[in-house]
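Notes follow once the structure below has been shown.
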Amino acid sequence: MAGLIDRYNQNSIVNSMGKLIKKISSLGLVFDDEIIKQSKAISELEASTQNYSTIDKDLLYALKSADTGSQKYIAHFDRDYNARKDTLRTFATNGEIEMILDTIADESIIYDNQNYFCKPDLSMLIPYLKKDDPNVQTILDKVNINFKKIYNYYHFSDNVNGWQLFKDWLIDGFLAFEIIYNKAQTQIIGFQKLDPASLRPDVKKIDGSYKNVWIQYEEMPDFTRILLDAQIIYISYNKGNANGKVSYLERMIRSFNLMRLMENTRIVWNLMNATFRLKMIVPIGGQSRKDAQESLNELKNLYKEDIYFDYDSGEMMVNGKPSMQFYKNYMIPSKNGDSTEIETLSGDGPELQDVEIIEYFRRKMRIESNIPSSRFEDGNSDGYEYDSASGVARDEVRFNRFLTRLRSIFQELLIKPLYIQMVLDFPELKDDFLFKENIGLEFNTNNIFEELKQMDIIQKKIEFITSLKEFGADTEGVFSTTYLLKKYLGFSEEEMALNKKMLADELASEEEDDGD
């Protein structure tokens, strides 16, 4: 019960965390602290504060660190965010929008047969680690083991939770999790999803040095918590509290609403003009003014139409009924005349049968989605075609880069806890900031356009290497094949050695076959 009771004491939460976790929550690196102390200019956030000369030193330090460190859009500082979030979630239920969100999520999060959508990328880490260090292989093995544990702590391997989280992030613009440690604080044992709007970053002096912290539910004293940065994962779609879109979804609201408005006007116009109307002027003779007024009121109530169009379901109600009358007679009293007059009422008005304006806003919405127009199957049963990288549209290349940017933000859900766990396992890595920089993720992809582009690039490099090799063929040659392969194909020493060994094994195998 001690752990549960300690939750209600702000100071006990921070004090109960171990020295190593506090160290990880330090203000970045030693030289980051030095940058802030040695800075002479006034940062943007500092300049925005009033009564600068009387500002608290800790707050000044926090403001300075926000401008020198990695900036994130913080939902807590957007007072309208909760209302905007509800609007975005409702907006995401529209069929066209849901299809776009599913497309982005499907292209970004691709599961393999073991239900993994990514794996650790050690291509930068292996060259960084010292080859003569006996712990190198242990560290590499531990990276893979810890990654699988963290991946499963999110329950990503049990279902499509990773895909759903990615889609939620596209809608809301934020994701926040608490990192939960075991009692000894040597292992990460799970994650708890938090409300991003309840958290704000801060810097506090703990044990004589500044630490990055997150304050939760600051306006609710009974719920207020102070958590170390090593306990929180926080990602935002937008960077910095600038005038931008909160989430990916927000960019499409205007064009979609205008497109829907144009659709609705044409629906109502077509339905109203589908009714055949007759106007009948009936002589009423010498009725009194009172009787004539009563007759007009009766006619007004008789011909009044209350039209209701349901935006979500597409249903139309006329006078509370789900169907409308397609033939109507309008009888109008008149004191003049001896006989009844009958004429047809035409539906004069603007011509709204043209759908070009609807297509304009639909195209605009698709452009703002960043999805290539070829992915939408308008009159094309194949959707899109390809035969070589030379035929790849610029939109496809741009779309692939857009997905890469989204993944680079989303991957912090796995990268941050993976780095923390590695530091807990190997405390000597806590001061090695380049170790974290060299940990990456490789996402599964089926983007054939990027593969075709890489294949074409390799083909052109091979042709270039061949032409250089042939240069000076009349003499003893000018360029070394090994040099050209290393320089233009990027082969490392290890890859060259492995290729040489495999080539020798293949030649030996062929000689054995010839001997038989």
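What follows draws every value from the coordinates through simple rules; no lab data is involved. Since the structure is predicted, the reported quantities are computational estimates derived from the model, not experimental observations. Cβ: placed from backbone, ideal geometry, glycine included. Neighbour counts: every protein chain shown.
Under the Karplus relation 6.51 cos²θ - 1.76 cosθ + 1.60, θ = phi - 60°, what is the ordered set of whole-Hz ³J(HN,Hα) values for segment 102-116, x standing for Gly and Pro?
4, 5, 5, 5, 5, 6, 8, 10, 10, 8, 9, 5, 9, 6, 9
Sort Leu271, Leu125 so that the residue with the fewest other Cβ atoms within 10 Å of its own Cβ comes first and the one with the most comes last.
In order of increasing Cβ crowding within 10 Å: Leu271, Leu125.
Can you put Phe402, Phe256 in order, fewest other beta carbons within 10 Å first?
Phe402, Phe256
Tabulate in residue order the Karplus-calculated ³J(HN,Hα) for segment 487-502, using 6.51 cos²θ - 1.76 cosθ + 1.60 with θ = phi - 60°, rounded to whole Hz; enter x for Gly and Pro.
Along segment 487-502, the couplings run 6, 9, 9, x, 5, 8, 4, 4, 5, 5, 5, 5, 4, 4, 5, 5 Hz.
From the phi of every residue in segment 357-364, what ³J(HN,Hα) in whole Hz does the Karplus formula 6.51 cos²θ - 1.76 cosθ + 1.60 yield, where θ is phi - 60° and glycine or proline is x?
Result, ordered by residue: 5, 5, 5, 4, 6, 5, 5, 5 Hz.
Suppose every K and R has +1 on its Cβ and every D and E has -1 on its Cβ; what is the size of the dipole of segment 94-201 about the Cα centre, in Debye to the nearest 20?
Dipole of segment 94-201, to the nearest 20 debye: 700 debye.
Check which residues have an amide H placed less than 5 Å from Ile232's amide H, if you skip close sequence neighbours.
Residues meeting the criterion, in which the H sits 1.01 Å from N, are Ile179.
Can you pick out the pairs among Lys211/Lys436; Lys436/Lys486; Lys149/Lys204; Lys148/Lys183 whose Cα atoms lie more than 24 Å from each other?
Among Lys211/Lys436; Lys436/Lys486; Lys149/Lys204; Lys148/Lys183, the Cα-Cα distance tops 24 Å for Lys436/Lys486; Lys149/Lys204.
Would you mind checking which residues have amide H under 5 Å from Lys72's amide H? H placed 1.01 Å from N; only 5 or more apart, or other chain.
HN-HN under 5 Å from Lys72: Gly240.
For a label point 7 Å from the Cα of Ser509 along Cα→C-beta, name the residues of segment 476-500 whose backbone N is under 16 Å from it.
Label zone hits: 498-500.
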